[in-house]
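First the structure, in the form of structure tokens, and then the observations on it.
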Amino acid sequence: MKPWPAWLLICCSAPIAAQTLQLDPLIVSGEAEPAAASSTQLDGTPAATSDGLSLDAWLQQVPGVFAQNRYNLAQGLRPSIRGFGARAAFGVRGIQVLVDGVPLTLPDGQTELDVLDLEAIERVDVIRGPAAALFGNAAGGVIAIETTPPGNAREIGGQVTIGELGLRRWRGTAGGGLGDNTATRLSLGEQRLDGARDHGNSQVQRLNARSQTTLASGNLQFNASVLDVTAQDPGALTRAQADQDPGQAAANNLRFDAGERIRQQRFSGRWLRTTRESAQSLQGFAGQRLFENRLPFESGGQVSFDRRFGGLGGTLTATAAGWDVTSGLDVQHQRDARRRYDNLDGLRGAQTLDQIETATGAGLYLAADRPLGPAWRLDLGLRLDHLRIAVDDQFLGDGDDSGDRNFDAASWSTQLARQLGDSHTLSLRIASAFESPTATELANPDGGGFNPELDPARATSAELGLSGLTEAASYSAVIYTTRLRDELVPFERDDQPGRTFYRNSGRSTRNGVELAWTQTWATHWSTQAGYTLNDFSFDDYRRDGTDFAGKRQPGIPRQQGFLTLRWTPGRITTSLRGRFIGELYADDANAVRVPGHALFDLGGSVSLGATGRWTLRAGINNLGDIDHADNVRINAFGGRYFEPAPGRHVFVGFNGEF
């Protein structure tokens, strides 16, 4: 094992109290004190100057965060924080996601972002680094999303966006007060996208509702959503194919009509009560997700599941013996009735699998903080988690593959913060975390049931962070190291190309530096910039007689940066967003190098009319028409690593309130 760097003697991060996202406000970041060094708070500005395709418009402004797969809606956006989540074949892994204070992440650790109504986002808070001491299965961090609350005034609005790539999106909203204490909002919308590649069409329909009621006993919130997605999957290409014709689809994806259909309903509620002495919250959610897809191979190449999921949780914050103490309990459950069938050139063939998969998780946590003199503060956190994932085999013709896996984890966090004057904070944090494989990732490469050899990843991380405010600027700097055991690594097999399985890699080390800076230059000008440098490498990883020790973790660039310049005179909002992505590797052996690139997006909006209730929005993405990969599939079979991104494309939108 590599020795711990000497700089860890003075490393840090943010206080746990600032990360207690179960309570309002999500993150304590008032104007009188700087935000935590390893947290980033983003308002709704990206929605005003972007095409609204994905949450990447917000996440690309956060150091340490790398997101891929913006344009293939059949796979979904794949964000990673400090490398956690890069392994995902689709969706979000290793990161806890909350919407309006309620978990969007399921008990086995997977999250789908397709339910988000991006036009309704008011704020996004990103916590980088282990957050398991409060949130359980969250090795990489937390993404907390707040949507705009409904108001009592009558609200009727509409939005239309069109653009290249066949982008057509509309959305209508209606809301207002119901009596003196309740406000509601309902939004309905549809998006169609042809994409830049063959076999890349998608259609997304969403219905979202939110209500808020003020009671004598507290504040009550309800959210409901209905989702319907149909999306084709153009698949990944070899380097030669991507260079020859980046707009083509993979041959097998065309032959087997690769794609998916999703129908989901979700409901959540949250009660909040705050007094001078304490704060309490209760929350719950429930839903159903019906999923069908077609993978680009025959044997077992069609999958369907009926997922039922739900959870309950609560927190209590009070003061005891000089400590501010937060305690909480979470209980969640999901049940997937999963079936597989042969894919006969897009038609459903014989059934090959029928099993019931369940995941049940429970977590109990305690966080406490107190001042140590006039300038010091100590924060402690501890959480105990139990996760059981079980499979009940209903397809007994090939034997009984029933079984279960039980994962137990104790996650802890210790932080010490030092206030440097009124506007600067230095802090030290050491924390542990775990990341379980999801029910899907536990799939056995050799048949039904679960992979008995796949274990959860466990991490220990240490950070040094410095953050501060000046009259016209804010900044943060973080240096960290993370030691992992049994990191989860994806791979494909030749008999099932396009389907991802997982294995453990032994031990690995991740070291990194994250810098962020925001500056207001004049009345109407501001700049936001960030830079990330990391060294993610395997320490002990052998497979098939090959030693990968010293190789870099695939799928993550060694360097990346962003620079956003905003000009906001009066009713105009304009932004030029630039981001640099360094080279990365597509495989464990580091034999396939993906070159770096720089991208620029230009967007703006202007308020029209005497009251400013009408807004025109337009932009150009990939201003320089740069060839690059929208997604890199790690350890793909047959050299099919690359999903090309579109070149230069424009959009225009119009919003109005009546």
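The values are calculated or read from the model by the stated rules, or taken from the named source; none is laboratory data. Note that the structure is predicted; figures quoted are calculated from it, not measured. For neighbour counting, all protein chains shown are included, and Cβ atoms are generated from backbone atoms with ideal geometry for every residue, glycine included. Calculation scope for accessible area: heavy atoms of the full protein, side chains included, ligands and nucleic acids excluded. Shrake-Rupley method; radii C 1.70, N 1.55, O 1.52, S 1.80 Å.
Points worth noting:
- Scope segment 227-245; condition open to solvent by 30 Å² or more (accessible area, probe 1.4 Å) and assigned to a helix (DSSP H, G or I); matching residues: 239, 240, 241, 243, 244
- Residue in segment 538-559 that is of a type in the set (Asp, Glu) and touching a helix residue (DSSP H, G or I) at 6+ places or on another chain (Cβ under 7 Å) present: no
- Test for residue 489: is it buried (at least 21 other Cβ atoms within 10 Å of the Cβ), modelled with pLDDT under 95, of a type outside the set (Phe, Trp, Tyr) and within 21 Å of the chain's Cα centre (by Cα): yes
- Hits in segment 368-391 (condition: assigned to a strand (DSSP E or B), open to solvent by less than 30 Å² (accessible area, probe 1.4 Å) and either more than 24 Å from residue 451 (Cα to Cα) or of a type outside the set (D, E, K, R) (or both)): 368, 369, 379, 381, 383, 387, 389, 390, 391
- Test: residue in segment 429-439 that is more than 17 Å from residue 489 (Cα to Cα), part of a loop (DSSP other than H, G, I, E, B), in contact with a strand residue (DSSP E or B) (Cβ under 8 Å, 6 or more places away or on another chain) and not aromatic (Phe, Trp, Tyr): no
- Hits in segment 131-163 (condition: among the hydrophobic types (A, V, I, L, M, F, W, C), at pLDDT 85 or above and within 13 Å of the chain's Cα centre (by Cα)): 142, 143, 144, 145
Yes/no matrix, rows are residues, columns are (1) over 25 Å from residue 62 (Cα atoms); (2) acidic (Asp, Glu); (3) more than 23 Å from the chain's Cα centre (by Cα):
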site	(1), (2), (3)
540	yes, yes, yes
575	no, no, yes
579	no, no, no
592	yes, no, yes
605	no, no, yes
632	no, no, no
640	yes, no, yes
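- Restricting the first member to segment 433-453 and to residues that are of a type in the set (A, V, I, L, M), and the second to residues that are in a loop (DSSP other than H, G, I, E, B), the beta-carbon pairs closer than 7 Å and six or more apart or on different chains are 433/130; 433/138; 433/139; 439/108; 442/451; 442/454; 443/451.
Condition check ((1) loosely packed, with under 15 Cβ neighbours inside 10 Å; (2) free of Cβ contacts under 8 Å to residues at least 60 places away in the same chain; (3) not polar (S, T, N, Q)) across all residues:
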| site | (1), (2), (3) |
| --- | --- |
| 314 | no, yes, yes |
| 319 | yes, yes, no |
| 322 | yes, yes, yes |
| 325 | no, yes, yes |
| 332 | no, no, no |
| 339 | no, yes, yes |
| 352 | no, yes, no |
| 361 | no, no, yes |
| 366 | no, yes, yes |
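- Residue 515 vs. criteria under 29 Å from residue 457 (Cα atoms) and modelled with pLDDT under 95: no
- Search result, residues across segment 401-431 that are of a type in the set (Gly, Ala, Ser) and surrounded by 19 or more Cβ atoms within 10 Å (Cβ to Cβ): 409, 411, 413, 417, 427, 431
- Residue, farthest from residue 400 (Cα to Cα), within segment 441-454, restricted to residues that are out of contact with any Phe, Trp or Tyr (no Cβ under 8 Å at 6 or more places or on another chain) and modelled with pLDDT under 80: 446
One line per residue, one yes/no per condition, for (1) at pLDDT below 95; (2) in a strand (DSSP E or B); (3) open to solvent by less than 10 Å² (accessible area, probe 1.4 Å):
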{"site": "180", "(1), (2), (3)": "yes, no, no"}
{"site": "185", "(1), (2), (3)": "no, yes, no"}
{"site": "207", "(1), (2), (3)": "no, yes, no"}
{"site": "210", "(1), (2), (3)": "no, yes, no"}
{"site": "225", "(1), (2), (3)": "no, yes, no"}
{"site": "247", "(1), (2), (3)": "no, no, no"}
{"site": "252", "(1), (2), (3)": "no, no, no"}
{"site": "257", "(1), (2), (3)": "no, no, no"}
{"site": "265", "(1), (2), (3)": "no, yes, no"}
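- Contact map, segment 210-230: first residue on the phi > 0 side of the Ramachandran plot and in contact (Cβ under 8 Å) with a residue 24 or more places away in the chain, second residue of a type in the set (Lys, Arg) and open to solvent by 40 Å² or more (accessible area, probe 1.4 Å), Cβ cut-off under 8 Å, separation 6 or more or different chains; pairs are 218/273.
- Residues that are in a loop (DSSP other than H, G, I, E, B), among the hydrophobic types (A, V, I, L, M, F, W, C) and touching a helix residue (DSSP H, G or I) at 6+ places or on another chain (Cβ under 9 Å) were ranked within segment 93-140; the one that is nearest to residue 412 (Cα to Cα) is 131.
- When the residues of segment 540-566 are filtered to those that are in contact with a Gly (Cβ under 7 Å, 6 or more places away or on another chain) and not in a strand (DSSP E or B), the one that is most open to solvent (accessible area, probe 1.4 Å) is 558.
- Restricting segment 85-102 to residues that are open to solvent by 10 Å² or more (accessible area, probe 1.4 Å) and at pLDDT 90 or above, the residue that is nearest to residue 225 (Cα to Cα): 99
- Flag for residue 570 being farther than 16 Å from residue 83 by Cβ and open to solvent by 60 Å² or more (accessible area, probe 1.4 Å): yes
- Single residue of segment 131-175 satisfying the filter (of a type in the set (A, V, I, L, M) and closer than 23 Å to residue 407 by Cβ) that is surrounded by the most Cβ atoms within 10 Å (Cβ to Cβ): 139
- The set of residues in segment 510-534 that are crowded, with 18+ Cβ neighbours inside 10 Å, over 30 Å from residue 571 (Cα atoms) and β-branched (Val, Ile, Thr) contains only 532.
- Meets criteria (over 30 Å from residue 343 (Cα atoms), in contact with a strand residue (DSSP E or B) (Cβ under 7 Å, 6 or more places away or on another chain) and small (Gly, Ala, Ser)) for residue 555: no
- Criterion (in a strand (DSSP E or B) and either under 21 Å from residue 268 (Cα atoms) or in contact with a His (Cβ under 8 Å, 6 or more places away or on another chain) (or both)) met by exactly one of 337, 350, 359: 359
- So residue 143, is it among the hydrophobic types (A, V, I, L, M, F, W, C), within 30 Å of residue 621 (Cα to Cα) and touching a helix residue (DSSP H, G or I) at 6+ places or on another chain (Cβ under 7 Å): no
- Restricting segment 589-639 to residues that are under 19 Å from residue 77 (Cα atoms) and charged (D, E, K, R), the residue that is surrounded by the most Cβ atoms within 10 Å (Cβ to Cβ) is 633.
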